[in-house]
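As structure tokens, the structure follows; a few thoughts come after it.
The values are calculated or read from the model by the stated rules, or taken from the named source; none is laboratory data. Nothing here was measured: the structure is a model prediction, and the numbers come from that model. When we count neighbours, we look across all protein chains shown, and the Cβ atoms used for this are built from the backbone with ideal geometry, even at glycine. For the accessible areas, the whole protein counts, side chains as well, though only heavy atoms, and no ligand, DNA or RNA atoms are used. Shrake-Rupley method; radii C 1.70, N 1.55, O 1.52, S 1.80 Å.
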Amino acid sequence: MIESKYSARLLFIKIQAAEQRLEQLEISWKRLIIEERMLSDHNQVEKSAHSKMGLIEPNRQAIVYIQL
Amino acid sequence: MRSVKQRSRKRKVDDFSGRRYFVLFLMLLAMLVLIARAVYLQIFDTQFLQRQAQSRYVSTVKIPAYRGQILDRHGVGLAVSAPVDTLWVDPFYCQSKRPKQAQACLTLVSEKKIRQVADILELPVAKVKSAFSRSTGKHFVYLKRRVEPTLAAKVMALGLPGVALIKEFKRFYPAGEVTAHLLGFTNIDDQGQEGLELMYNASLEGKTGSKRVIRDGARRVIEDIESIKSAEPGQDLVLSIDERLQYLAYRELKAGVLKHKAEAASLVILEAKTGNILAVVNQPAFNPNKRKGLHVSRYKNRAIISTFEPGSTLKPFVVAAALEGGFIDAGQLFSTHDFRIKGRWVKDGHRYGTLNLTDVLKKSSNVAASKIALAMPPEYFWRFYHALGFGVSAGVGFPGEATGSLPEYDSWSLFEQATLSFGYRVSMSTLQLARAYTALADDGVLHSVSLLQRETDPYATRVLSIETAQKVRTMIEQVVQKDGTAYRARVSGYRVAGKTGTVKKAVDGGYSDDYLSVFVGMAPASDPKLIIAVMVDAPQAGQYYGGLVAAPIFAKVMGGALRLQGITPDAIQDTATLLVN
């Protein structure tokens, strides 16, 4: 009886630790999703493509279509 | 003497034994009382006492549930719930301690710490101070709701007595104003208030669970006793929206509105073969993540909710209806002199002389369209418009969705029948207008529209024969040619078919001096994949023709959308092609 009560307590502590960890992971997961979305925001990507990397959209005549 | 002495001693002994019995009796009585009390407490009063004890250390805790995410067709999150912490204070926390500890406890609430809290939470110091003040008599005061977990942890680390956390969720809209009208938003209690958040609130909403726990003296949970109800997260909602197209459409529409100083605008992109909605954007917009102080009118999803008279964009349908019913033939010619119906003039903006059917659409002649409309019996004409979904809700179920209006044919005057041919007296939303064009795009099959992803359209109905639909589509391809009304709607590499509309804006009891500039088109015209409808409300920068205001927006969005969707160009002659076998 005493032993089972003791092991139940130990298990409970483990569960709580695991639950806390789960919660922490959930928080950071959601934060990462949001962060990823912020970074991949089209406006930002477009701006840095234009200004930092000097990329441009080629006009239609410059595109060569390959038909397979 | 002696005997007297003995007698008196004897009497004394008797007295003692009486007292002894009395004391014994008292002790027995006391014991009985104790036993009775013990029995009473243990057997009769036990439930009450246990309940009292439990109410002090057992409590029920809510387990918050995630609200479902809203995703676009490729699984990109458009509305995501993230865990946040709500901080609250019990200003009377220290009072509940013993007097000596209470004093020590109160000294922990120092001016310096309150300043720090105010700093971390970006709150005015006075507000934090008032939360800790006992003058209101409240035992529960919000410090700040929905705080970033990292910030909340910093506040907790200060060790202010009586401060506690509640786990909650906050809705984030990563695309911000690009999807604002479509998704709507939730209130502070995570209930949908507008848009899709409201429409699908029941399935998005999670079910809050609850469990019983044992707490220690410091109100920390030390043991879970039982779970009463486990938390059920809400279901994710997968939309037909393509987030990249949504962004592209938003960017171009916004640029167009700025350029033409327009009051408002809306744009819809439809998948021609399924009726799936790929993008719905509006101007003016709002940022759903920061809504403070915005007027309610900003929340309006105009593309679905607001109606307008679509003007000449209906002319292709008039031609299609008349061809389908055999009331005109494809080779017929129309003279376009202004004419009168019971004293009221039907006029064109320019003199076009005699036009064939293709030129009627290419030049957008009101006179010729009226003549075609008048060649049809009102009932037939009405049925055709009705079948296209005019005056009927587009059926996406969006909160506040418009039905538009189409007057009953038995109340039509001849003049009204004529004006209906160039899109007056009938009103609809941008979405309804785009939907009607599916009939021309998908060879005569009208599609239902949907905001949810689906493979095929279960409600597709044929409203035109294949030949008529293709014939009319070929005609409106001419609209984007050099001498058509919408040369600026062309997209290099692709064949485009579409129709402009320039409408006097209807106001209460008449028409204002403002115009609506409209364009609806599809591409690639040989086998349309996308339909885009653009409506710009009251452009003030000089230009107002559909072909000059709405058409360029259409061209930019369509060009980008075709590229993003990887749709093969069908106008190969103006692009270099490498044939690889």
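At a threshold of 8 angstrom on Cα-Cα distance, excluding pairs fewer than six apart, so keeping six or more, what relative contact order does the range B:287-392 reach in percent?
For the range B:287-392, the relative contact order is 27 percent.
Between B:VAL61 and B:ALA202, what length in nm is gained on full extension when 0.36 nm per residue of separation is reduced by their alpha carbon distance? Please report the intermediate quantities before stating the final value.
Details: separation 141, 0.36 × 141 = 50.76 nm, distance 2.31 nm.
Value of the extension gain: 48.4 nm.
Roughly how big is the A-B contact, given as buried accessible area in Å² (both sides, 1.4 Å probe, nearest 100)? Provide the component values of the computation, followed by the final result.
Details: alone 7340 and 29520 Å², together 34040 Å².
The buried area between A and B, both sides summed, comes to about 2800 Å².
Project the alpha carbons of the range B:62-115 onto their principal axes and report the range along each, largest first, in whole Å.
Result for the range B:62-115: principal-axis Cα extents of 63, 28, 11 Å.
Carbon and sulfur together cover what percent of the accessible area of the range B:489-546 at a 1.4 Å probe radius?
After summing per-atom areas, the C and S share lands at 45 percent.
Quick one: net charge around B:GLY68, please, counting Lys, Arg +1 and Asp, Glu -1 for every other residue with C-beta under 12 Å from its C-beta.
Here the count lands on -2.
Over chain B, calculate the relative contact order: mean separation of alpha carbon pairs under 8 Å at least 6 apart, over the residue count, as a percent.
13
How high is the relative contact order of the range B:374-499, in percent, with contacts defined as C-alpha pairs under 8 Å that are six or more residues apart?
On the way: 160 pairs, mean separation 23.2, N = 126.
About 18 percent, as a whole number.
Taking a probe of 1.4 Å, how large is the accessible area per residue of chain B, in Å²?
So chain B comes to 48 Å² accessible per residue, rounded to a whole number.
Separation between the B:ILE35 and B:ASP329 pseudo-spin-labels, each 7 Å from Cα along Cα→Cβ, expressed in nm?
If labels sit at B:ILE35 and B:ASP329, their model points lie 12.1 nm apart.
Please list, in order, the residues from the range B:20-38 whose amide nitrogen is less than 19 Å from a point placed 7 Å along the Cα→Cβ vector of B:ASP45.
Hits in the range B:20-38 for B:ASP45 at 19 Å: B:30-38.
How many angstrom separate the Cα center of the range A:11-28 from the Cα center of the range B:372-427?
That distance is 61 Å.
Pop out a list of residues from the range A:8-28 that are at least 40 Å² less accessible with all the protein chains around than in their chain alone; 1.4 Å probe, no ligands or nucleic acids counted.
By number: A:PHE12, A:GLU26, A:ILE27.
Which of the peptides B:450-459, B:309-318, B:166-175 is most tightly packed, and how do the rest follow, judged by the mean count of other Cβ atoms within 10 Å per residue?
So the peptides B:450-459, B:309-318, B:166-175, ranked by packing, come out B:309-318, B:166-175, B:450-459.
Please list A:TYR65, A:TYR6 in order of solvent-accessible area, largest first, computed with a 1.4 Å probe with all protein chains present.
Solvent-accessible surface, decreasing: A:TYR6, A:TYR65.
Could the peptides B:82-91, B:223-232 be put in order, highest first, of the mean number of other beta-carbon atoms found within 10 Å of their residues?
Ranking, from highest mean packing down: B:82-91, B:223-232.
Which value, in debye to the nearest 20, describes the size of the charge dipole of the protein assembly as shown about its Cα centre when Lys and Arg Cβ atoms bear +1, Asp and Glu Cβ atoms bear -1, and nothing else is charged?
5400
Using 7 Å Cα-to-Cβ label points, what is the B:MET27/A:GLN44 separation (nm, one decimal)?
Between B:MET27 and A:GLN44, the simple spin-label model gives 8.6 nm.
Which lysines have a Cα less than 20 Å from the Cα of B:LYS113, not counting those fewer than 8 places away in the same chain?
B:LYS127, B:LYS129, B:LYS144, B:LYS154
Order B:121-132, B:378-389 from most to least packed using the mean count of other Cβ atoms within 10 Å.
Per-residue Cβ counts within 10 Å, averaged per peptide and sorted highest first, yield B:378-389, B:121-132.
Given the options B:LEU165, B:VAL392, B:ASN201, identify the residue whose Cα lies farthest towards the positive end of the charge dipole of chain B (+1 on Cβ of Lys, Arg; -1 on Cβ of Asp, Glu).
Checking the options against the dipole of chain B, the answer is B:LEU165.
Note the angle between two axes, namely the Cα long axis of helix A:2-39 and the longest principal axis of the Cα atoms of chain A, as a number of degrees from 0 to 90, rounded to the nearest 10.
With rounding to tens, the tilt is 10 degrees.
In deg cm²/dmol, rounded to 500, what helix-only [θ] at 222 nm does chain A give when every DSSP H run of at least 4 residues adds -39500 (n - 2.57) and the total is split over its residues?
My calculation for chain A gives -25000 deg cm²/dmol from helical runs alone.
Just counting partner chain Cβ atoms within 10 Å, what average do the residues of peptide A:29-42 show around their Cβ?
5
Given the convex hull over the Cα atoms of the range B:206-295, what projected area results after averaging over all orientations, in nm²?
11.3
May I ask for the net charge around B:LEU239, where only other residues with Cβ less than 15 Å from the Cβ of B:LEU239 are counted and Lys, Arg are +1 while Asp, Glu are -1?
Details: positive: B:ARG73, B:ARG244, B:ARG454; negative: B:ASP72, B:GLU197, B:ASP236, B:ASP242, B:GLU243, B:GLU271, B:GLU455.
Summing Lys/Arg as +1 and Asp/Glu as -1 gives -4.
Rounded to the nearest 500 deg cm²/dmol, what is the calculated helix-only ellipticity per residue at 222 nm for chain B, with -39500 (n - 2.57) per DSSP H run of length n ≥ 4?
Using -39500 (n - 2.57) per qualifying helix, the result is -10500 deg cm²/dmol.
Taking the Cα centre of each part, how many Å lie between the range B:337-366 and the range B:181-198?
48
Treating only the Cβ atoms of Lys and Arg (+1) and Asp and Glu (-1) as charged, compute the dipole magnitude of chain B about its Cα centre; round to the nearest 20 debye.
5340
Calculated FRET efficiency, B:ASP224 and B:THR456, Cβ-Cβ r, R0 41 Å, to nearest 0.05? Before the final figure, lay out each step's value.
Working: r = 49 Å, r/R0 = 1.18.
Result of the calculation: an efficiency of 0.25.
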